[in-house]
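To keep things clear, I will list the structure first and then write my remarks on it.
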Amino acid sequence: MTINQRIKQLRETMKLSQVKFVKHISISPGHIASIELGNRNVPDRIIRLISLAYGVSEHWLKTGEGEMFTTRPNTERHDMILRLFDELTPENQDFAIQQVKALLALQEKESQASS
């Protein structure tokens, strides 16, 4: 199974349409359709976004080895964040995504500094 097929398998396991799936990783439905069909390579950036957004093992995405999910998502928190996010205007959703990315970068920097 290719990484492209594993992405489709993940999306179907989560019972998400392509539109809902890409909403949380900031790519277009057409882009994910091309990936799932095997017409596009999957860059590390998208692998990381999928992993962060859905708690999926990057190793599993890349190789198919191990467990699909790194942790069981806290569905109450996850659902609350999704509900709140969906209430935002598209412009504010973009802003929220930028803020979360900035927080992740800061977290990574702090993690590296303490290592």
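As an equivalent ellipsoid, the stretch 74-115 spans semi-axes of 25, 15, 4 angstrom, where each value is the square root of five times an eigenvalue of the C-alpha gyration tensor, largest first.
When Ser57, Ser111 are sorted by how many other C-beta atoms sit within 10 angstrom of their C-beta, beginning with the fewest, the order is Ser111, Ser57.
Each residue of the stretch 92-107 is assigned a 3J(HN,Hα), and the resulting list reads 6, 5, 4, 4, 4, 4, 4, 5, 5, 4, 5, 4, 5, 5, 4, 4 Hz, derived from the Karplus form 6.51 cos²θ - 1.76 cosθ + 1.60 (θ = phi - 60°), x at Gly and Pro.
For Lys62, the lysines whose Cα falls under 18 Å of its own Cα, not counting residues fewer than eight places away in the same chain, are Lys8.
All Cα-Cα distances of the stretch 1-64, cut into 5 Å bins from zero to the largest, leave 4, 20, 35, 31, 10, 0 percent in each bin in turn.
Evaluate the Debye formula for the chain with equal point scatterers sitting on the alpha carbons, no solvent, and hand back log10 of I(q)/I(0) at q = 0.10, 0.23 Å⁻¹, in q order, two decimals. Debye output, listed in q order: -0.32, -1.48. Normalised by the number of residues in the chain, the mean separation of alpha-carbon contacts (under 8 Å, six or more apart) gives a relative contact order of 19 percent. Taking amide H positions as modeled 1.01 Å from N, with prolines and chain starts lacking one, the residues under 5 Å from Phe69 and 5 or more places away or on another chain are Ser57.
Read-outs throughout are calculated quantities, based only on the coordinates presented, and are distinct from any laboratory measurement. Predicted model only: the values in this text are computed from it and were never measured. As a convention, Cβ positions derive from the backbone with ideal geometry for all residues, glycine included, and neighbour counts pool all protein chains shown.
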